[in-house]
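Novice: Attaching a single structure in structure tokens format; questions to follow.
Any read-out appearing in this document is the output of simple, stated calculations on the displayed coordinates, not a laboratory observation. Nothing here was measured: the structure is a model prediction, and the numbers come from that model. Cβ: placed from backbone, ideal geometry, glycine included. Neighbour counts: every protein chain shown.
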Amino acid sequence: MVKTQRGEIIILSDNLNYMSSLSGILTESGYFNVGFTSSMEILNILENKSFNILLIDIDTPEFDYMTFINQVMAIDPYISCIIITKQERIHNAIETMKAGAFDYILKPFNLEVLFKTLSNAIKVQKIKKEKDMYRSIFEHSIEGIYLMKPDHKCIAANPALSNILGCQSPEELLVDFNSIRCKMSVMTDRYEEFKRLMQKNDIISNFESQINCNNGDIKWISENVIAIRDSKGNIIYYRGTIEDITEKKYAEEKLRESELRFRSCAERLAQNADEFLNIIDDICESYKEMENIFVCFAKTIVNTFVEKNIWEKGHSERVAIYTEKIARETELDELQIKKLCLAALLHDIGTTCIAKSVIEKPTRLSDKEFETIKQHPVHGAILLEKIKKMDDIVPLIKYHHERIDGKGYPEGLKGEEIPIGARILHIAESFDSMTSDRPYRPALGKEYAFSELKRCNGLQFDPEIVEIALRVL
């Protein structure tokens with residue numbers, strides 16, 4: 001049966017004729033569906049595959065709806081359970097909704113009621129998934145995020161915000177946020193300016209200030225705020241983000257020092273051309289210093305998320321090495337290669353938004369777990385897209401699991417639609433994954449990796465890049 005786009009339904013029924021009739025109606029209307037007469041079969045299927053809806057049509061009085069639905073929801077909390085029942089058993093259907101069932105349909109029903117209920121169930125499931133995804137991003141974001149009422153009471157704060165502000169937990173911030181920020185401000189007049197801007201504008205972007213954190217640290221932060229209004233134009237709450245830019249400020253200071261050195265060099269050159277070689281040395285030293293600061297910043301980020309996943313230790317650095325070896329055999333210029341190597345260091349940063357139990361699972365992933373893993377390039381792109389100077393790097397991270405044949409993820413790009421940097425990164429990452437120990441298997445070896453690159457040449461991997469990889473890795 002060909003899978004369609006309207007939704008996927010699994011049916012449990014003790015009446016084969018009724019199930020066959022219902023299945024035919026669903027198929028004709030564009031729903032992929034499968035049916036079973038055993039509740040145990042349903043549970044086994046759900047362990048390895050996700051569905052939008054579970055339709056339950058059981059007339060046996062002894063059937064324990066509550067226990068079964070609890071078992072289903074424990075496996076897949078997103079599936080929408082709908083009970084099909086007769087009027088005399090409506091009390092059972094109502095009870096199941098307390099256990100998490102989405103709705104019930106009374107027999108006999110018309111098709112309009114059926115399809116409206118199915119459509120609503122799929123919409124609600126999508127909303128639940130998106131809500132949990134945003135909550136995951138909220139909880140794991142490296143940016144501080146908060147929601148604040150117009151009276152300045154903070155109603156939500158994520159762990160990153162409490163960490164940036166030197167607090168023990170986000171709960172410490174669920175008070176008068178204005179009062180907390182005022183006490184922390186190093187420059188009172190600067191914070192007063194921030195409050196004036198909030199009163200005049202719906203959006204404040206990249207407002208920089210210095211704060212005294214609760215733990216005694218002094219930090220530079222960059223803040224963004226947007227006012228969320230209701231249909232009448234009244235402000236419901238403010239949504240804000242705070243980024244720790246202390247390292248960035250340090251780098252800017254170094255850059256200013258470098259500029260002063262360059263200016264001094266130019267003046268010396270004008271005065272005495274004999275000192276030219278010394279000037280060149282000064283310039284080279286300054287560029288190397290700035291490059292080291294940038295690379296150290298990236299490695300700090302990588303090391304932070306490596307602490308969460310022991311299997312990532314060394315992986316990003318090796319991928320960066322393989323990426324550079326391949327890239328230097330292409331037509332990419334030096335700047336493009338440096339950006340690509342930075343993307344290689346950060347390519348798996350999105351896994352910080354995924355549960356450690358899934359990342360380090362020592363056995364084969366279920367379909368549902370694999371779908372979760374497949375979101376890490378998107379998570380990585382979201383985490384980095386707001387960072388200045390990352391515009392060229394974000395697409396490389398987002399698309400490093402796309403395939404030449406269009407069967408990759410997250411967007412199914414193919415061929416030249418995939419940035420060349422992402423195509424290089426995909427091969428470098430795959431090579432290291434095959435030649436390194438993973439949670440579910442030992443390293444497969446270099447020869448095996450080469451054979452896989454050849455086997456998937458033109459399907460998963462770019463043929464021209466495979467040819468280079470086989471030569472330089």
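Novice: State the dimensionless ratio Rg/Rh of segment 347-473 (Rg: radius of gyration of Cα atoms; Rh: Kirkwood radius).
Specialist: That ratio is 0.97, to two decimals.
Novice: Tell me, what HN-Hα J-couplings in whole Hz come from the Karplus equation 6.51 cos²θ - 1.76 cosθ + 1.60 at θ = phi - 60° for each residue of segment 454-470, using x for Gly and Pro?
Specialist: 5, 5, 9, 4, x, 9, 8, 10, 5, x, 5, 6, 4, 4, 5, 4, 5
Novice: Taking 56 Å as R0, compute the FRET efficiency from the Cβ-Cβ separation of Lys338 and Asp59 and round it to 0.05.
Specialist: For Lys338 and Asp59, the calculated efficiency is 0.25.
Novice: Also, I was wondering about something else. Ignoring everything except DSSP H segments at least 4 long, calculate the 222 nm mean residue ellipticity for the chain; use -39,500 (n - 2.57) per segment, divide by total residues, nearest 500.
Specialist: When only DSSP H runs of four or more count, the value is -16500 deg cm²/dmol.
Novice: Points 7 angstrom from Cα along the Cβ direction at Lys454 and Arg256: gap in nanometres?
Specialist: 5.9 nm
Novice: Report ³J(HN,Hα) in whole Hz for each residue of segment 410-424, in order, from the Karplus equation J = 6.51 cos²θ - 1.76 cosθ + 1.60 where θ = phi - 60°; Gly and Pro get x.
Specialist: Once θ is set to phi - 60°, the couplings for segment 410-424 become x, 10, x, 5, 9, x, 5, 5, 8, x, 4, x, 5, 5, 5 Hz.
Novice: List the residues whose amide H sits under 5 Å from the amide H of Asn158, counting only those 5 or more places along or on another chain, with H placed 1.01 Å from N in the peptide plane.
Specialist: HN-HN under 5 Å from Asn158: Ile145.
Novice: I need the GluC sites (Glu not before Pro) found in segment 313-376, filtered to DSSP loop residues with at most 10 other beta carbons within 10 Å of theirs.
Specialist: The qualifying sites are Glu331.
Novice: Testing the spin-label approximation: label points 7 Å from Cα along Cα→Cβ at Asn214 and Gln199. State their distance in nm.
Specialist: 2.8 nm
Novice: Another one. Compute from the Cα atoms of segment 17-97 the Rg and the Dmax, the latter being the longest Cα-Cα distance, and quote both in angstrom.
Specialist: Taking only Cα atoms of segment 17-97, I get Rg and Dmax of 12.7, 35 Å.
Novice: Once you put a point 7 Å from the Cα of Lys116 and another 7 Å from the Cα of Ile25, both along the Cβ direction, what distance in nm separates them?
Specialist: Simple spin-label model gives 1.5 nm for this pair.
Novice: Still on this structure, please answer the following. Suppose every Lys and Arg Cβ carries +1 and every Asp and Glu Cβ carries -1, with no other charges. What dipole size does the chain come out with about its Cα centre, to the nearest 20 debye?
Specialist: Value, rounded to 20: 940 debye.
Novice: Give a residue-ordered list of calculated ³J(HN,Hα) values for segment 193-203 (Karplus: 6.51 cos²θ - 1.76 cosθ + 1.60, θ = phi - 60°; whole Hz; x for Gly, Pro).
Specialist: 4, 4, 5, 5, 5, 5, 6, 9, 10, 7, 10
Novice: In percent, what relative contact order does segment 308-472 have, based on Cα pairs under 8 Å that are 6 or more apart in sequence?
Specialist: That works out to 22 percent.
Novice: In addition: Given +1 on the Cβ of Lys and Arg, -1 on the Cβ of Asp and Glu, and no further charges, what dipole in debye does segment 8-139 carry about its Cα centre, rounded to the nearest 20?
Specialist: 480 debye
Novice: Right, something else. So who's got an amide H within less than 5 Å of the one on Glu8, skipping anything under 5 residues away but keeping other chains? H placed 1.01 Å off N, in plane.
Specialist: Asn52, Ile53
Novice: From the convex hull of the Cα coordinates of the chain, what is the mean projected area in square nanometres?
Specialist: If you wrap the Cα atoms of the chain in a convex hull and average its projections, you get 31.0 nm².
Novice: What is the set of long-range amide H partners of Glu208 at a cut-off below 5 Å, with H atoms built 1.01 Å from backbone N?
Specialist: Glu223
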